[in-house]
Amino acid sequence: MKTHNLVLRINGEDRQVTVRSADTLLYTLRGRLGLTGSKPGCLNGDCGACTVNVDGWPMKSCLMLAVEAQGKEITTVEGLHDAPIQKAFVEHFAFQCGYCTPGFIMNCHSLVNNHPGADDKKIKEWLESNICRCTGYAEIEAAVKEVLGKKS
Amino acid sequence: MISFDFDYLTPTTMQEAAELFQRLDQEGKSPYYYSGGTELITLGRLNMAYSEAVIDLKNIPECHAHGLSGDFLVQGSALSLTAAEVANFFPFLTSVASQVADHTARGKITIGGNICAAIFYREAVLPYLLVDSTVIIAGNKGITAKKMSDAFKEKIQLKKGEFLVQLLTERKWLNAPFIHIKRRQQWQTGYPLITIAALQAEDGLRVGLSGLCPFPFRSAAVEAALNKKEFNREEKIREALKAMPSPILDDVEGSKEYRLFALRNLLEEILNWQEGGFKLENT
Ligand SMILES: Cc1cc2nc3c(=O)[nH]c(=O)nc-3n(C[C@H](O)[C@H](O)[C@H](O)COP(=O)(O)OP(=O)(O)OC[C@H]3O[C@@H](n4cnc5c(N)ncnc54)[C@H](O)[C@@H]3O)c2cc1C
Ligand code: FES
Ligand code: FES
């Protein structure tokens, strides 16, 4: 089939949507479901602006087809409500223009949940998946470390 | 946005997948085996890949096998690079895989997709080439097993409609001393200028490279030069450089001359590691 009627589990809700097989999850979230928090950047897997969580792990939504997301638990930045990482980003001024921020937040949210004891190497490895053109990353690292209960 | 439309099919057995491929090929639909799918999605957007029928291999249980069984480590082709890294049965693979792309992308890229990729770096093949793992291939005529040295010559050698199911690696290799060095033009993620991987076996040093030529390779001539007892270090490197296959890449990542300069230093590092009792790892 070239089109599919899917029920996607997004931010704790079942959402019905008709997609082409060729539609990426990013396009479906933004263009079909009004969830514009995930940002289109490179559309090539390089920048991380489109990052969401799939079953709790970071996923570049431009690298996943919507049909692949069936049966999975998807969380977008709209699904976070006062998560510790969001507060820490504000407190540490971890953004300037903000375009990369939803992607960074979703990546960092997954990092602190999956690796509460993450060391500097692990933090660097994860943060390398996202690109920010404005900040120097130090503030983002500080925000992650605050949530992890560490001083940077 | 991918501009063309395709059917998305999810076979649950190897036979079903192979039969689907044959039928769709006869119907002229350019069927495409899909694993992590990152190439279809990124190249498809640029009209550099095309299919009217995508066969996703991720629902075939054999493609997800992962664990030790008898004398072998069994790894399904649809395992993500992250899954292989986290389980860490094969530290050499972990070292190489953990330098491919970036952490998030590695959750989507699969072992099989990287080995069979059209984009020529295919770095994940290096450990399997050096230990000469067994490759399990499925197709219309059933299942075949081949040594990686026969199955991979610059790229995976598959007949139309065949797909990679599993990689079997003998246990004895899982803890052999290895070194892996990836040099990039800049940054810490993405494609290499050159990646070198080496393993110390009983019969000597084994070496594989990606990013030097437009294909990854292991070369008997290069290994013979590096293992020749009569040679001093300088002669080993000189003869190994002479034995490299051609062409040497000359592109935006680096000129041919720069690559050869970087390669000389990498060979020095490999010999240092060997002489130093294999102490370095994953530089
Ligand atoms: C941001 C980014 C950075 C990257 N950096 C690197 C890097 O540094 N080094 C590197 O080596 N790679 C890198 N890659 C990965 C590489 O370019 C490929 O995109 C990737 O390896 C393909 O894996 P996949 O599982 O997504 O494969 P797919 O897209 O599913 O498939 C790739 C090809 O293999 C075929 N195929 C897939 N599975 C099988 C199978 N089981 N049997 C037979 N054929 C099969 C497909 O038909 C297709 O032709 C990067 C990719 C991205 C997105
Ligand atoms: S838009 Fe997805 S990684 Fe850049
Ligand atoms: S804050 Fe502008 S790109 Fe990151």
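Read-outs throughout are calculated quantities, based only on the coordinates presented, and are distinct from any laboratory measurement. Computed from a predicted model, the values in this text were never measured in an experiment. Here the Cβ positions follow ideal geometry from the backbone for every residue, glycine too, while neighbour counts run over all protein chains shown.
Could you tell me the distance between the Cα centroids of the stretch B:244-283 and the stretch B:118-189, to the nearest Å? Their Cα centres are 21 Å away from one another. Basic side chains Lys and Arg get +1 at the Cβ, acidic Asp and Glu get -1 at the Cβ, and with that the dipole of chain B about its Cα centre reaches some 380 debye. Taking each residue as 0.36 nm, the span from B:Phe89 to B:Glu275 lengthens on full extension beyond its C-alpha to C-alpha distance by 64.3 nm. Where both bridge residues fall in the stretch A:3-76, DSSP classifies roughly 90% of the beta bridges as antiparallel.
In this structure, the pairs whose alpha-carbon distance is over 24 Å, taken from B:Lys58/B:Lys146; A:Lys60/B:Lys155; B:Lys146/B:Lys279; B:Lys146/B:Lys229, are A:Lys60/B:Lys155; B:Lys146/B:Lys279; B:Lys146/B:Lys229.
For the stretch B:1-20 versus the stretch A:105-152, the inter-centroid distance based on Cα atoms is 38 Å. Taking the Cα centre as origin and putting +1 on Lys and Arg beta-carbons and -1 on Asp and Glu beta-carbons, what dipole magnitude results for the stretch B:61-173, to the nearest 20 debye? With Lys and Arg at +1 and Asp and Glu at -1, about 300 debye.
Along the axis of the charge dipole computed for the protein assembly as shown (Cβ charges of +1 for Lys and Arg, -1 for Asp and Glu, origin at the Cα centre), the listed residues B:Pro214, B:Leu24, B:Val96 are led at the positive end by B:Pro214. Considering only B:Met148, B:Gly112, B:Ile194, and ranking their Cα positions along the charge dipole of chain B that arises from unit charges at the beta-carbon of Lys, Arg, Asp and Glu, the one farthest toward the positive end is B:Ile194.
For chain A, a Gaussian network of Cα nodes joined below 10 Å ranks A:His92, A:His109, A:His81 by mean-square fluctuation, and the top entry is A:His81. Using the Cβ of B:Phe261 as centre and a radius below 12 Å, the other residues enclosed give a net charge of +2, where K and R count +1 and D and E count -1. Relative to the Cα centre, the charge distribution of chain A, modelled as +1 at Lys and Arg Cβ and -1 at Asp and Glu Cβ, gives a dipole magnitude of about 300 debye.
Taking only DSSP H segments of four or more residues, each worth -39500 (n - 2.57), what value at 222 nm results for the protein assembly as shown once the sum is divided by all its residues, to the nearest 500 deg cm²/dmol? Numbers along the way, then the final one.
Working: 15 runs with 133 residues, N = 435.
It lands at -8500 deg cm²/dmol.
Summing charges over all other residues whose Cβ lies under 14 Å from the Cβ of B:Thr12, with Lys and Arg as +1 and Asp and Glu as -1, gives -3. Taking every DSSP bridge with both residues inside the protein assembly as shown, close to 85 percent are antiparallel.
Each pair of Cα atoms in chain B enters the Kirkwood radius, and Stokes-Einstein at 37 °C and 0.692 mPa s then converts it into a translational diffusion coefficient of 167 µm²/s. The spread of Cα positions in the stretch A:84-148, taken along each principal axis and listed from longest to shortest, comes to 30, 21, 17 Å. How many angstrom lie between the Cα centre of the stretch B:37-58 and the Cα centre of the stretch B:76-98? For the stretch B:37-58 versus the stretch B:76-98, the Cα centre distance is 23 Å. The residue among A:His4, A:Ala66, A:Gly31 whose Cα reaches farthest toward the positive pole of the charge dipole of the stretch A:3-76, with charges on the beta-carbon of Lys, Arg, Asp and Glu, is A:Gly31. For chain A, modelled as a Gaussian network with Cα springs under 10 Å, which listed residue fluctuates most, A:Lys122, A:Lys60, A:Lys39? Ranking A:Lys122, A:Lys60, A:Lys39 by mean-square fluctuation puts A:Lys122 first. Scaling the Cα radius of gyration of the stretch B:7-56 by the globular reference 2.2 N^0.38 Å produces a ratio of 1.11. With springs only between Cα atoms under 10 Å, which of B:His64, B:His180, B:His103 fluctuates most in a Gaussian network model of chain B? Comparing B:His64, B:His180, B:His103 in the GNM, the peak value goes to B:His103. Charge tally for B:Ala201 (other residues, Cβ to Cβ under 13 Å; Lys, Arg +1; Asp, Glu -1): -2. What is the protein assembly as shown by shape, rounded, prolate or oblate, if you read a ≥ b ≥ c off the alpha carbon gyration tensor as root eigenvalues and call it rounded for a/c under 1.5, prolate for a/b larger than b/c, and oblate otherwise? The shape class here is oblate.
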